[in-house]
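Input: a single structure, listed below in structure tokens.
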Amino acid sequence: MVVQRIRHRQKLSIIAGLVIRARRRRVRFVFRLHRDCAVDGPKAVAFLRQVGLAVSGPIIVVWDRLNAHRSKVVQAFLARRPRFQLEYLPPYAPELNPTEYAWGWLKTNPLANYVPKDAAELARTARRQDHQLKHRARLLWSFIDHSPLPLRHK
């Protein structure tokens with residue numbers, strides 16, 4: 001039995017990325033959840049800080065054209081950190097974004113037919129699935145290999 005609340009307005013926003021460490025041929029899935037709010041410039045900066053802590057050396061960020069990614073706060077953050085290089089995907093090109101393949105896999109595999117009772121339960125389940133996905137390097141590489149971007153690991 002599926003129970004749905006009428007006028008249910010809880011929200012869960014997610015920002016994530018695949019981090020490739022070229023020298024070691026390793027890939028990581030970096031993930032942040034935000035309950036009851038949208039991803040804005042400050043949240044995008046917090047995500048970039050998280051990536052900066054996870055990776056040493058130069059970082060190339062390939063982002064879609066979400067307004068938060070192009071905000072003044074993000075631009076100011078990147079201007080002060082020369083190790084970050086920013087590249088944007090073309091508009092309306094989710095097929096180029098390997099992270100979209102990760103989301104698609106999560107939604108159609110472990111989260112398929114999953115009906116949480118609220119946003120908190122969904123957040124817990126998403127974190128648990130994220131943790132499991134982090135340990136599946138071959139699957140993460142498959143998302144990268146499936147994208148037409150020249151990010152091959154071979």
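The values are calculated or read from the model by the stated rules, or taken from the named source; none is laboratory data. Everything quoted here is computed from the prediction, not taken from an experiment. Don't worry about glycine lacking a Cβ; one is built from the backbone with ideal geometry, like all the others, and counts go over all protein chains shown.
Taking Ala76 as the residue in question, decide whether it is modelled with pLDDT of 90 or more, more than 16 Å from the chain's Cα centre (by Cα) and small (Gly, Ala, Ser).
For Ala76, the condition - modelled with pLDDT of 90 or more, more than 16 Å from the chain's Cα centre (by Cα) and small (Gly, Ala, Ser) - is met.
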Practice problem: Inspect segment 90-99 for any residue being over 14 Å from the mean Cα position of the chain (by Cα), modelled with pLDDT of 90 or more and closer than 29 Å to Arg9 by Cα and give the result as yes or no. | Solution: no
Exercise. Select from segment 76-126 the residues that are surrounded by 14 or more Cβ atoms within 10 Å (Cβ to Cβ), polar (S, T, N, Q) and part of a helix (DSSP H, G or I) and list them in ascending order.
Key: Thr99, Thr125
Quiz item: Can Pro42 be described as over 21 Å from Trp103 (Cα atoms), modelled with pLDDT of 90 or more and part of a loop (DSSP other than H, G, I, E, B)?
Solution: no
Quiz item: Where residues in segment 131-154 are surrounded by 12 or more Cβ atoms within 10 Å (Cβ to Cβ), of a type outside the set (A, V, I, L, M, F, W, C) and modelled with pLDDT under 85, which of them is nearest to Ile60 (Cα to Cα)?
Solution: His153
Quiz item: Residues in segment 63-73: is at least one modelled with pLDDT of 85 or more, part of a strand (DSSP E or B) and under 14 Å from the mean Cα position of the chain (by Cα)?
Solution: yes
Exercise. List the number of the failed condition for Asn67; all other conditions in (1) without any contact (Cβ under 8 Å) to a residue 12 or more places away in the chain; (2) closer than 19 Å to Asp130 by Cβ hold.
Key: (2)
Practice problem: Inspect all residues belonging to segment 88-99 and state whether any of them is among the aromatic types (Phe, Trp, Tyr), in contact with a strand residue (DSSP E or B) (Cβ under 9 Å, 6 or more places away or on another chain) and closer than 23 Å to Gly41 by Cβ. | Solution: yes
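Please go through segment 60-75 and give me each residue that is of a type in the set (A, V, I, L, M) and surrounded by fewer than 17 Cβ atoms within 10 Å (Cβ to Cβ), ordered by number. Break it down into steps so the answer makes sense when it comes.
If we filter segment 60-75 for residues that are of a type in the set (A, V, I, L, M), which is where we start, we get 60-62, 66, 68, 73-74.
Those that are of a type in the set (A, V, I, L, M) and surrounded by fewer than 17 Cβ atoms within 10 Å (Cβ to Cβ): Ile60, Leu66, Val73.
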Practice problem: Please specify each residue of segment 74-130 satisfying the condition of being β-branched (Val, Ile, Thr) and more than 19 Å from Ala16 (Cβ to Cβ). | Solution: Val115
Quiz prompt | Per-region count, segment 132-147, residues of a type outside the set (A, V, I, L, M), in a helix (DSSP H, G or I) and either in contact with a Lys or Arg (Cβ under 6 Å, 6 or more places away or on another chain) or within 18 Å of Pro94 (Cα to Cα) (or both) | solution = 5
Quiz prompt | Any hit, segment 9-25, residues being over 21 Å from Phe143 (Cβ atoms), out of contact with any helix residue (DSSP H, G or I) (no Cβ under 7 Å at 6 or more places or on another chain) and either exposed (fewer than 12 other Cβ atoms within 10 Å of the Cβ) or at pLDDT below 85 (or both) | solution = yes
